[in-house]
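Visitor: Structure incoming, see below.
The values are calculated or read from the model by the stated rules, or taken from the named source; none is laboratory data. A quick note: this is a predicted structure, and the numbers were derived from the prediction, not measured. Because the Cβ atoms are built from the backbone with ideal geometry, glycine has one as well, and the counts that use them run over all protein chains shown. In case anyone asks, the SASA skips ligands and DNA or RNA and just uses the protein heavy atoms, side chains included. Shrake-Rupley method; radii C 1.70, N 1.55, O 1.52, S 1.80 Å.
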Amino acid sequence: MRAAICREFGKPLEIAEVTLADPDPGEVRAEVRAVAICHSDVLYASGGWGGQLPAVYGHEAAGVVTKVGEGVTDFTPGDHVVITLVRNCGTCPCCARNYRGSCESSFPLDDPGPLAFPDGNPVKQGLRTAAFAEEVTVHQSQMVAIPRDVPFDAASLLACGVITGWGAVINTAAPLPGRDLVVIGCGGVGLNAVQGAAQTNPKRLIAVDLSAEKLAAAEAFGATHTVDGSAQNPVQAVRDLTGGRGADYIFVTVGAVPAMKQSYAMMAPGGCSVLVGMADEAARSTFNPLALSDNSGRIIGSKMGHSDIRADIPRLVEMYRAGDLMLDELITVRLPFDQINQAIENVEKGIGLRNVIVME
Ligand SMILES: [Zn+2]
Ligand SMILES: [Zn+2]
């Protein structure tokens, strides 16, 4: 089968033939039908997080099960599935507390992965998924079955962008109704934070971005106010919109340190900054510890929206089918597999809300 391989950081991916191991006990093999490009894929491919090469990235996918390993009872060939990177054991301390994205167990698939070149040289299964490929083999815990009437492109978004943004609000922060909420960054994750935030009946829901197009999308996704960070100081603008008080929760959906610092400065007393976007590993942020303790403020992180994918993804699918979750509207660019480098370039340049590769 073919996969898009990163041989050198910062260089275009190369589509080449690789071999994929069949599923061992507890594992599932699936054909990829749609895979979205996430900022994490782009950050890995640029070298921002280091890691082993050659590698195949891609972790926001949907497809069809083709083979199941011994002992797999939740899936059968032909099932439509969302394929995620959340490889989880269900029983370690993090899984038991429902932080499954931070599962502490290791799995046979972790090393070596299922991918190799035809000559036997290994290829790293990036992000525990390697979905920039025609097929994947993953642990069964990484998959969720979905109804067959859900389009693959919309379903793929549920694997990462949606659970990360929506989950940061609903699972990680869980604001009570009537709060002032801010979402900084209105891309594929940020708009899902906006639609999650809108579901909590906020007093105000303020979207901050540098792009007029993304702010218009944020309004369509439920923002009550927008702040164009290229024209206004976002901290002052949020203070002005909240009567000087600041926001109760600020969701920082980009990995940019200036945005994090803005979030600390726009916190209301008792407020909380939720860091959702992944920074590159060299990034460092500073805050004023006196302001934080004096205001009982909080700065917390949220990985994969603290999602239990087997609970959250079916719930999100039901919302989508009921018209209460916008997914199709997020997909502004669809490209075939052989144009994956174009899709990655689009993400780097901020073109499109979500770029999705649709397999023929
Ligand atoms: Zn992602
Ligand atoms: Zn675990």
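Visitor: Just give me the residues in region 27-52 being in contact with a strand residue (DSSP E or B) (Cβ under 6 Å, 6 or more places away or on another chain) and assigned to a loop (DSSP other than H, G, I, E, B), in sequence order.
Guide: Ile37, Gln52
Visitor: What number of residues within region 109-139 are polar (S, T, N, Q) and open to solvent by 40 Å² or more (accessible area, probe 1.4 Å)?
Guide: Number satisfying all stated conditions: 1.
Visitor: Can you pull out the residues in region 96-106 that are near ligand 2 (Cβ under 8 Å from one of its atoms) and either at pLDDT 95 or above or outside the structural domain of Asp153 (by TED's automatic domain parsing) (or both)?
Guide: Within region 96-106, Cys103, Glu104, Ser105 meet the criteria.
Visitor: Further question: Cβ-Cβ below 7 Å, separation at least six or inter-chain, first residue in region 56-67 and among the aromatic types (Phe, Trp, Tyr), second open to solvent by less than 10 Å² (accessible area, probe 1.4 Å) and assigned to a strand (DSSP E or B): which pairs?
Guide: Pairs found: Tyr57/Cys6.
Visitor: Would you check which residues across region 70-110 are more than 16 Å from ligand 1 (Cβ to nearest atom) and either among the aromatic types (Phe, Trp, Tyr) or outside any loop (DSSP other than H, G, I, E, B) (or both) and list them?
Guide: Within region 70-110, Phe75, His80, Val81, Pro93, Cys94, Cys95, Ala96, Tyr99, Phe107, Pro108, Leu109, Asp110 qualify.
Visitor: Taking only pairs six or more apart or across chains, which ones have beta-carbon atoms under 6 Å, a first residue in region 158-181 that is under 9 Å from Asn192 (Cβ atoms), and a second residue that is within 16 Å of ligand 2 (Cβ to nearest atom) and open to solvent by less than 10 Å² (accessible area, probe 1.4 Å)?
Guide: Going by the 6 Å Cβ cut-off, the qualifying pairs are Ile163/Ser307; Gly167/Ser307.
Visitor: Could you tell me which of the residues Gly51, Gly63, Gly58 is under 21 Å from the mean Cα position of the chain (by Cα), within 30 Å of Glu348 (Cα to Cα), open to solvent by 10 Å² or more (accessible area, probe 1.4 Å) and not charged (D, E, K, R)?
Guide: When all the criteria are applied, what remains is Gly51.
Visitor: Do the conditions hold for Thr91, that is, is it within 16 Å of ligand 2 (Cβ to nearest atom), under 30 Å from Leu335 (Cα atoms) and either open to solvent by 40 Å² or more (accessible area, probe 1.4 Å) or in contact (Cβ under 8 Å) with a residue 12 or more places away in the chain (or both)?
Guide: In short, no.
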